[in-house]
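Report on the following structure.
What follows draws every value from the coordinates through simple rules; no lab data is involved. Bear in mind the structure is a predicted one, so any value in this text is a computation, not a measurement. Note that each Cβ is placed from the backbone with ideal geometry, even for glycine, and that neighbours are counted across all protein chains shown.
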Amino acid sequence: MKRLLILFLVLALLVIIPFVIWGDFFESQMSLEKTVAYLRGTGHWAWLLGLGLLVSDLFLPILGTAVMSALGLIYGWFVGGLISAVGSIGSGLLAYFLCIKAGRGLATKIAGEKGLAEGERIFRSESGGWLVALSRWMPVLPEVIACLAGLARMPFRKFFAALCAGSVPLGFVFAWIGHSGREAPLLALLLSALLPPVIWLAFRFFWFTKRRQS
């Protein structure tokens, strides 16, 4: 468990470093007004730039909630929410597959075979789904948890369902904030925190019901 914790800290450090280096610059350039201006400046391709920014959040200190709010303001809460959710899901999938394909060797050196085996046990259990779903509305953790899920070879169906359970409400909540023009960060945080576990519980209920019937 200690070596698995070291792997977690290494991944967290890799995510935090870009924020330390470029965080102030991105924060100054990504107010809601500036983000809307950037997106609208691309004309009909604003949705594609928004997707790109959300996916690149894996590597750069992008203010994802600002992008989601801007998409909601430009496209409305529904279409903006869809784009935001797809972008957040895309970022999680990119982290998952990159770590499955290219990160296993380095992770083994850091955590050892026993550490990765412990990670596999966690992410194949009920805890894995909860970690992925709940991490999506927290800082730093979305990227780290998605990477760990890939390194631990979490079953894809389970990972994707949990990823959607966390990303979809996040995208729609902040798109709604942008669309309605309301500055309600506490409400957004509350909704983003409460909706993922509700959706994940619903998925688990229907999933296990289906498995018992088959």
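Numbers below:
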{"quantity": "Residues M138, M30, M154, M68, sorted so that the one with the fewest Cβ neighbours within 10 Å comes first", "calculated": "M138, M30, M154, M68"}
{"quantity": "Highest average packing first - 120-130, 77-87, Cβ atoms within 10 Å", "calculated": "77-87, 120-130"}
{"quantity": "Cleavage-rule hits, trypsin sites (Lys or Arg not before Pro), region 1-89, DSSP coil, Cβ neighbours within 10 Å at most 16", "calculated": "none"}
{"quantity": "Sorted by Cβ density within 10 Å, fewest first, the residues L14, L131, L53, L148", "calculated": "L14, L131, L53, L148"}
{"quantity": "Segments 108-115, 4-11 sorted - mean Cβ within 10 Å per residue, highest first", "calculated": "4-11, 108-115"}
{"quantity": "Long pairs among K101/K158; K114/K158; K2/K109, criterion Cα-Cα beyond 21 Å", "calculated": "K114/K158"}
{"quantity": "Hz values of 3J(HN,Hα) by residue in region 70-83 - Karplus curve (6.51, -1.76, 1.60), Gly and Pro given as x", "calculated": "5, 5, x, 5, 7, 9, x, 5, 6, 5, x, x, 4, 4"}
{"quantity": "Derived scalar couplings ³J(HN,Hα) [region 29-39; Karplus, 6.51 cos²θ - 1.76 cosθ + 1.60; whole Hz; x for Gly, Pro]", "calculated": "9, 10, 5, 4, 4, 5, 5, 4, 5, 4, 5"}
